[in-house]
Structure formats: C-alpha cells, structure tokens
Amino acid sequence: MFQNLYPSEDYDSAYQIDYEGFYDKGYRGILFDVDNTLVEHDQPVTLPAIELFENLKEMGFKTCIISNNKDYRVKPLADALESEYVYKAGKPSKAGYEKGMEIMGTNRENTLFIGDQIFTDIWGANKAGIHSILVKPIAKHEEIQIVLKRKLEKIVLGEYNKTKRKAQA
Ligand SMILES: [Mg+2]
C-alpha cells in the first residue's frame, strides 16, 4: 500500500552498516541526510562521524550530504567531514538527490542513500530511483512537528515490516 515509502533496507544506525559490502557490490557514492542520521538535530559534528567519513573515503566512496537545512547549518558539518554537500535540498523532491549524484559523478545504480525520515528522505530517494536505507533517528528529544510525523511513519513502518516478514517467510 505504501510501497514508494518503503526503504530498500533498514538499519539501527548509519554507524552499523557494512559499507565495504556495498562497495564490493559496486556502490561508489553515498548520499547522507545529516540531522538525526549522522549527528543529533542541530548539534555539532562528532568524532564517530569524522571517523566514518574518513573510512568511507579510504574505501573509495564519494560522499555528499543532502539536507533540507540552510547553508549555515550544513556547510560547517560538511567541511568537518570533508564531504560535498547540497543544502536546501528540497527533499522529498528528487532534484537534490540528482544534484548530489552529479557532484559525486555517480548514478542511480551505484549510489546509496541513508536517512532517518520516511516522508522526506526515503520517499525522495525512491523517487530518484536510488537504493534507500532507513536508520533510526539519533536524538531522543524531537520537535513537535517531527513527533507528529513519527506517528505517521509508525503506520508505514508497520506495513513495511509486515511485507518484510512475508518476504522472509
Ligand atoms: Mg534527518
């Protein structure tokens, strides 16, 4: 029922993904959401995030942060992570994803997307035709409009998990 909102895969955290495995499968670029995916909403960059991006670079990945947030929020993070970035990406429109792939020189077949929100991150990645990975949000305390969205996400996730269980049965 909600197929275009389902992620291709889901993980507990962006820090628990087997990126080398994806490299071996031919993936070369990763588009990341930032707030609640890599760091807490509106919080500064963390050591684990810096280490993750260093490792990804060593593996041979290109990275690009795509955020709906403003330049003054996204640029310092992207600079600290030595990553390309797209601000005011307009997710769930696919334009920001396409811009990110253009910057990385990758395409929909060899690009991954990783984010924490179904109605912006995952929906947009699916529209762009990219392998979409949903992770659990980092922050425990969220703004009210996000709390409301989470309730709607729960409904979609319930259906997604049913489909997943059926596929695994
Ligand atoms: Mg987010």
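What to note about this one:
- Yes/no for residue 149 being part of a helix (DSSP H, G or I), away from the ligand (no atom under 12 Å from the Cβ) and out of contact with any Cys (no Cβ under 6 Å at 6 or more places or on another chain): no
- Listed by first and then second residue, the pairs linking a residue in the range 26-45 that is more than 18 Å from residue 112 (Cβ to Cβ) to a residue that is assigned to a strand (DSSP E or B) and more than 9 Å from the ligand (Cβ to nearest atom), with Cβ atoms under 8 Å apart and 6 or more places separating them unless they lie on different chains, are 45/39.
- Within the range 116-133, tally of residues that are in a helix (DSSP H, G or I), more than 13 Å from the ligand (Cβ to nearest atom) and touching a strand residue (DSSP E or B) at 6+ places or on another chain (Cβ under 7 Å): 1
- Those residues of the range 121-142 which are under 12 Å from the mean Cα position of the chain (by Cα), in contact (Cβ under 8 Å) with a residue 60 or more places away in the chain and over 14 Å from residue 11 (Cα atoms), in sequence order: 121, 123, 125, 126, 130
- Filtered by the rule that a residue be modelled with pLDDT of 80 or more and surrounded by fewer than 20 Cβ atoms within 10 Å (Cβ to Cβ), the range 138-155 gives 138, 149, 150, 151, 152, 154, 155.
- Close pairs from the range 143-169: first touching a residue at least 60 places away in the same chain (Cβ under 8 Å), partner part of a helix (DSSP H, G or I), Cβ under 7 Å, at least 6 apart: 156/5; 156/118
- Verdict on residue 4 being within 16 Å of the ligand (Cβ to nearest atom) and either free of Cβ contacts under 8 Å to residues at least 12 places away in the same chain or not acidic (Asp, Glu) (or both): no
- Any hit, the range 45-67, residues being at pLDDT 95 or above, within 14 Å of the ligand (Cβ to nearest atom), assigned to a strand (DSSP E or B) and surrounded by 14 or more Cβ atoms within 10 Å (Cβ to Cβ): yes
- The set of residues in the range 93-115 being assigned to a helix (DSSP H, G or I) and in contact (Cβ under 8 Å) with a residue 40 or more places away in the chain consists of 97, 100, 101, 104.
- Scanning the range 15-38 for residues that are among the small types (Gly, Ala, Ser), more than 15 Å from the chain's Cα centre (by Cα) and either within 16 Å of the ligand (Cβ to nearest atom) or not in a loop (DSSP other than H, G, I, E, B) (or both) gives a single hit, 21.
The values are calculated or read from the model by the stated rules, or taken from the named source; none is laboratory data. Quantities reported herein were computed from a predicted structural model and do not represent experimental measurements. Because the Cβ atoms are built from the backbone with ideal geometry, glycine has one as well, and the counts that use them run over all protein chains shown.
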